[in-house]
Amino acid sequence: MPEHDERGTSGNDGGTAGRTPRGRNETPDERADRRWAELIQEIRVAQTGVQILFGFLLTVVFAPTFADLSSTNKIIYIITVGLGASATGALIGPVSFHRIVSGRRIKPQAVVWASRLTFVGLVLLLATLISALFLVLRVATNDAFVPWMVAGVVTWYVVCWFVLPLWARYRYTTMDD
């Protein structure tokens, strides 16, 4: 019988053959603690980016050339700021959620809700980035290729953020995981 590593795999096959339905040996509380710690690390990355972008967006309105923007570009700007504020709220939400329910012995449920808020925050961050890119490129070039360029970047984000992880999830997990 082959030896198994800590992932329950044998050999150098990337974990697809010789799988055992072992999983982790942790209590529900230990699992919630681990998942919370992992989620907080993920949120730190996303929060930093969204807060920098949102802070930059808030300063744009004070630039002397802001008054020269067309009404369409001002509407795009307002939508972008709204999306950025919403993304910031969703990505900071899990911290508040945890603080409010801390000590109530509902960490597994808190992790689920915090994870949902984080996912919503990532979708809102994606929308903010798309909107900001669209606005910047419209102001910089005002050319007909801008929507096509933005569509290409959106496709790239969707592939990196959603398609690839979903493919890996489907490809490398089983119903036993």
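The values are calculated or read from the model by the stated rules, or taken from the named source; none is laboratory data. On a predicted model such as this, the values are computed, not experimentally measured, just so you know. Cβ: placed from backbone, ideal geometry, glycine included. Neighbour counts: every protein chain shown. The area values use the complete protein model at the heavy-atom level, side chains included, leaving out ligands, DNA and RNA. Shrake-Rupley method; radii C 1.70, N 1.55, O 1.52, S 1.80 Å.
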**Prompt:** Semi-axes of the stretch 67-142's equivalent ellipsoid from the Cα gyration tensor, sqrt of 5 times each eigenvalue, largest first, rounded to whole Å?
**Reply:** 36, 11, 6
**Request:** Starting from the stretch 67-150, pick out the trypsin sites (Lys or Arg not before Pro) whose DSSP state is loop and whose Cβ has at most 15 other Cβ atoms within 10 Å.
**Result:** ARG104, ARG105
**Asked** Using a simple spin-label model with points 7 Å from Cα along the Cα→Cβ vector, what separation in nm is obtained for GLN51 and ARG105?
**Response** 3.4 nm
**Item:** Per residue accessible area of the chain, 1.4 Å probe, in Å²
**Value:** 68 Å²
**Prompt:** Taking the Cα-to-Cβ direction at SER96 and at THR174 and moving 7 Å from each Cα, how far apart do the two end points lie in nm?
**Reply:** 4.3 nm
**Asked** For the stretch 24-127, rounded, prolate or oblate, judged on the Cα gyration tensor with a ≥ b ≥ c (square roots of eigenvalues), a/c < 1.5 rounded, else prolate if a/b > b/c?
**Response** prolate
**Fill in**
Restricting to Cα pairs under 8 Å and 6 or more apart, the percent relative contact order of the chain works out to 22 percent
**Request:** Report the full-extension gain for the segment LEU166 to ILE75: residue separation times 0.36 nm, less the Cα-Cα distance, to one decimal in nm.
**Result:** 29.4 nm
**Prompt:** How much FRET efficiency would the formula 1/(1 + (r/R0)^6) give for TYR157 and ASP68, where r is the Cβ-Cβ distance and R0 is 22 Å, rounded to 0.05?
**Reply:** 0.15
**Message:** Can you bin every Cα-Cα distance in the chain into 10 Å intervals starting at zero and give me the percent of pairs per bin, rounded to whole numbers?
**Reply:** 9, 26, 27, 20, 12, 5, 1, 0
